[in-house]
Amino acid sequence: MKTRIIIPARLKSSRFPSKLVQKINDITLIEHIILRAKKLPHDSITVATDDDKIKNLVEKHNVNVWFSKKKYINGTHRIAALCRDLKYTGNDNILNIQGDEFNFPLKGARDIISSLSSENNISMYTLISRSKSEKSFNSKDAVKVILDNQDNALYFSRSPIPFNEYNDHYLHIGIYGYKVSLLKKYLNFKSSPYESYESLEQLKFIWNQIPIHCIKVRTNNSISVNSPSDLKLAKDFLK
């Protein structure tokens, strides 16, 4: 069993094109993600991309690049194809770090790796944090989640959920953990209409009865960069 960190990095984001190569201080956003990922326990780090500019940036940091111009539905689809192509074993742990999740929580990421290493089931893991911000509650860029009594996700949405409870809601953080064996099954999953409505890849897992266990992060200073204003927040964070 190996722990493999994979960073999906598509350049042409629909909401903020070329955001991954925007500079925060002296280096680009994707480089910040790579350098932070290196602080985690791992056997390999791979950036999965479709762009030469990102490929060249990544190679400067001596991490692997999996390059494909093929169109994928989302980052998980790209990673599943990578695992198949590189013939990773079914018991390997995959930590999917979104390429725009600036300053993602290291402890939470380590908790996902620990959970994957200690269990051999079909669950998927992700991170969430509690928020009382009315702004985040109403923002379509801030993904909300509601849970069952075992901290498994019932639903993720860009809409305000639960209704009228902005004083106590959970926000999703863009990191996922799963076994390669689950990603192999993912390639044959039925499509979810909600995945399309919300533009949220994790909803396909719920649609196909795969539990998504949410690990709560107490302190969350991560910034999901979805707009120029988010980029400014990231720059201001480092001042």
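The values are calculated or read from the model by the stated rules, or taken from the named source; none is laboratory data. Please read these numbers as outputs of a predicted model, since none were measured by experiment. Cβ: placed from backbone, ideal geometry, glycine included. Neighbour counts: every protein chain shown. Ligands, DNA and RNA are stripped out before the accessible areas are found, and what is left, the full protein with its side chains, is counted by its heavy atoms. Shrake-Rupley method; radii C 1.70, N 1.55, O 1.52, S 1.80 Å.
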In the range 104-144, what residues are assigned to a helix (DSSP H, G or I), farther than 17 Å from Val225 by Cβ and among the charged types (D, E, K, R)?
-> Lys107, Arg110, Asp111, Glu134
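I'm trying to understand the selection: among the residues of the range 92-103, which are acidic (Asp, Glu) and part of a strand (DSSP E or B)?
Listed by number, the list holds a single entry, Glu101.
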Val47 passes all but one of (1) in a helix (DSSP H, G or I); (2) crowded, with 17+ Cβ neighbours inside 10 Å; which number fails?
-> (1)
Scanning the range 7-44 for residues that are charged (D, E, K, R) and assigned to a loop (DSSP other than H, G, I, E, B), the one surrounded by the fewest Cβ atoms within 10 Å (Cβ to Cβ) turns out to be Asp26
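Only one residue in Phe163, Phe137 is farther than 27 Å from Tyr186 by Cα and at pLDDT below 95. Which one?
Exactly one of Phe163, Phe137 is farther than 27 Å from Tyr186 by Cα and at pLDDT below 95, namely Phe163.
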Restricting attention to the range 158-188, the residues that are farther than 21 Å from Asn226 by Cα and open to solvent by less than 40 Å² (accessible area, probe 1.4 Å) number exactly 7
State yes or no: is Val58 buried (at least 21 other Cβ atoms within 10 Å of the Cβ) and either farther than 21 Å from Pro105 by Cα or out of contact with any Asp or Glu (no Cβ under 6 Å at 6 or more places or on another chain) (or both)?
-> yes
Among residues belonging to the range 64-91 that are at pLDDT 95 or above, touching a strand residue (DSSP E or B) at 6+ places or on another chain (Cβ under 9 Å) and part of a loop (DSSP other than H, G, I, E, B), point out the one that is surrounded by the most Cβ atoms within 10 Å (Cβ to Cβ).
-> Tyr88
Take the residues in the range 114-157 that are of a type in the set (Gly, Ala, Ser) and within 22 Å of Ile94 (Cα to Cα), then tell me which one is surrounded by the fewest Cβ atoms within 10 Å (Cβ to Cβ).
-> Ser118
